[in-house]
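Reading through the structure tokens given below for one structure.
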Amino acid sequence: MDDFRFYAPTYFCFGRDSEKNTGELVARFGGHKVLIHYGGGSIKRNGVYGRVIASLEAAAIPYLELGGVLPNPRSGLVYQGIELCRREGIDFVLAVGGGSAIDSAKAIAAGVPYEGDFWDFYANGTPVTQALPMGTVLTIAAAGSEGSPDTVITQEQGMYKRGATGEALRPKFSILNPESTMTLPPFQTACGITDMMAHVCERYFTNTTQVETTDRLCEAVLKAIIEEAPKTIADPADYQARANIMWAGMVAHNNIVGVGRQQDWNSHRIEHELSALYDVAHGAGLSVIMPAWMKHVMRHDVQRFAQFAVRVWGCDMDFAQPERTALEGIARFRAFLTSIGMPATFEQLGARAQDIPAMTEHLFTAEKEPLPGFMQLYRPDVEAILRLALA
Ligand code: NZQ
Ligand code: ZN
């Protein structure tokens, strides 16, 4: 196991009606004037917005609003939000929605006290050390941004989808009401499930040895998701299943399952090219890329893939030919994603084979070759993974 520092101070308020604590929590974490940041209006249709406003008003906390965050959030609205916060003396950013609203809120929070262009943090990887405090009211179990120090934004100049990070970006609090996720269409629920599974897998496939505690945590979270996810698809109002999936999304990405080990993240890097080019849902892109990545890199450590197959997917170990076990695990993972309604191929995603060379080039205009991780990836590897995703 590698040495590590882990500090994840987000305060979680979980359960039915938990939005009623919004005002009290904003005050507790030093907010006097709030920017409420949200997406395309789902929060107004499902009542979450009304409950949040009522709570802020009960706590006598003034607020302004900036809605319109798109899935795969764009830089334009971030610039607007920074300007609005500065002009209005906002001292707390409250994201109400999913990973996109949260990530856009984090970008605004980072940009307000920064003299340069907020995009610098995304372009050059400088950690964010100063930001306005922010909190979240989560409405979709997916990205894990409610407990992570990360944000992902698409820069409209060139359509680069990139991440930034920094401990200053961990939400001060996150409110998680599983009931508010019941209005999600099954496709979005499944995208979220795929994303959280990917977050665990990006940590599980490592070259660091003797990481049994985090290996077992990863396996447990994946097994819980495999058990609970189909229930949320079959019955969107199954509270207990929604609750388990909502917490799994947080646990999958606040890094408790990733500390002490080298991580990968190349499926995410490759998927970001798909969401930047075709504006597909992040989870749907991952559903196509992850199994393809697995097939391509499996040879790098067949035993680890066989372990994944046996411990997570219940495959029988073939000691004579461990690669058969490894392949069976990948096949079961892919079949599971299909069973919850996720695409399996480029075509089902709406992606085009002829774009593969350009996508690979675009990735390497901002990333150094080779991509680091479980197995280093050069241009031909990325192209091969994208081609494996065709079928
Ligand atoms: O915009 P609204 O109207 O709110 O609709 C959203 C959106 O269309 C809808 N939705 C959310 N909650 C709902 C709901 N519809 C009905 N009922 C509800 N309760 O769902 C759609 C997707 O929302 P979005 O916020 O985009 O989803 P998600 O949480 O999957 O976020 C995706 C973004 O997060 C980034 C992704 O790259 C992507 O841009 N990620 C961020 C990470 C982080 N910050 O740590 C890590 C992840 O790897 C991920 O990359
Ligand atoms: Zn993700």
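Observations, loosely collected:
- Solvent exposure of the range 11-180 amounts to 37 Å² per residue of accessible area, where only protein heavy atoms count and the probe is 1.4 Å.
- Relative contact order (%) - criterion: Cα under 8 Å, at least six apart; region: the chain: 15 percent
- Ignoring lysines fewer than eight residues from Lys231 along the same chain, the ones with Cα atoms less than 29 angstrom from its Cα are Lys20, Lys44, Lys223, Lys295.
- The value given for the chain is a Kirkwood hydrodynamic radius of 21.2 Å, derived from the mean inverse Cα-Cα separation.
- Residues whose placed amide H lies under 5 Å from that of Leu64, excluding near-sequence neighbours: Val34, Leu35, Ile36
- Here the Karplus relation 6.51 cos²θ - 1.76 cosθ + 1.60, evaluated at θ = phi - 60°, turns the backbone of the range 368-384 into coupling constants of 6, 9, x, 5, x, x, 3, 10, 4, 10, 9, 3, x, 5, 4, 4, 5 Hz, with x for every Gly and Pro.
- Table column - 3J(HN,Hα) (Hz), the range 228-240, Karplus curve with 6.51, -1.76, 1.60, x for Gly and Pro: 8, 4, x, 5, 6, 7, 5, 9, x, 9, 6, 4, 5
- When only Cα pairs below 8 angstrom with a gap of at least 6 residues are kept, the range 184-388 shows a relative contact order of 25 percent.
- Gain in span if fully extended, Ala320 to Gln303, counting 0.36 nm per residue against the direct Cα distance: 4.9 nm
- Working from Cα pairs under 8 Å separated by at least six residues, relative contact order for the range 195-316 is 33 percent.
- The range 252-329 versus the range 334-367: alpha-carbon centroid distance in Å: 15 Å
- Extension gain, Gln376 back to Met159 (0.36 nm per residue minus Cα-Cα distance, nm): 75.6 nm
- Protein heavy-atom accessible surface, 1.4 Å probe, per residue over the range 184-388: 38 Å².
- Percent accessible area from carbon and sulfur atoms, the range 281-368, protein chains only, probe 1.4 Å: 51 percent
- Other-chain or far-sequence residues with amide H under 5 Å of Arg74's (modelled H): Thr154
- R0 of 56 Å, Cβ-Cβ distance Glu212-Met182: FRET efficiency to nearest 0.05: 0.90
- Karplus-derived HN-Hα couplings along the range 38-54 (A = 6.51, B = -1.76, C = 1.60, θ = phi - 60°), whole Hz, x at Gly and Pro: 8, x, x, x, 4, 5, 7, 6, 9, x, 5, 4, x, 5, 5, 4, 4
- Counting only residues at least eight positions apart within a chain, or on another chain, the aspartates and glutamates with an alpha carbon under 12 Å from that of Lys33 are Glu57, Glu65, Glu88, Asp91.
- Extended-chain gain in nm, criterion 0.36 nm per residue less alpha-carbon gap, Gln262 and Asn124: 47.6 nm
- FRET efficiency for Met1 and Leu390, using Cβ-Cβ distance with R0 set to 35 Å, rounded to 0.05: 0.35
The values are calculated or read from the model by the stated rules, or taken from the named source; none is laboratory data. Computed from a prediction, not measured in an experiment: that's the story for all the values here. Don't worry about glycine lacking a Cβ; one is built from the backbone with ideal geometry, like all the others, and counts go over all protein chains shown. Heads up: the accessible areas ignore ligands, DNA and RNA and are worked out on the full protein's heavy atoms, side chains in. Shrake-Rupley method; radii C 1.70, N 1.55, O 1.52, S 1.80 Å.
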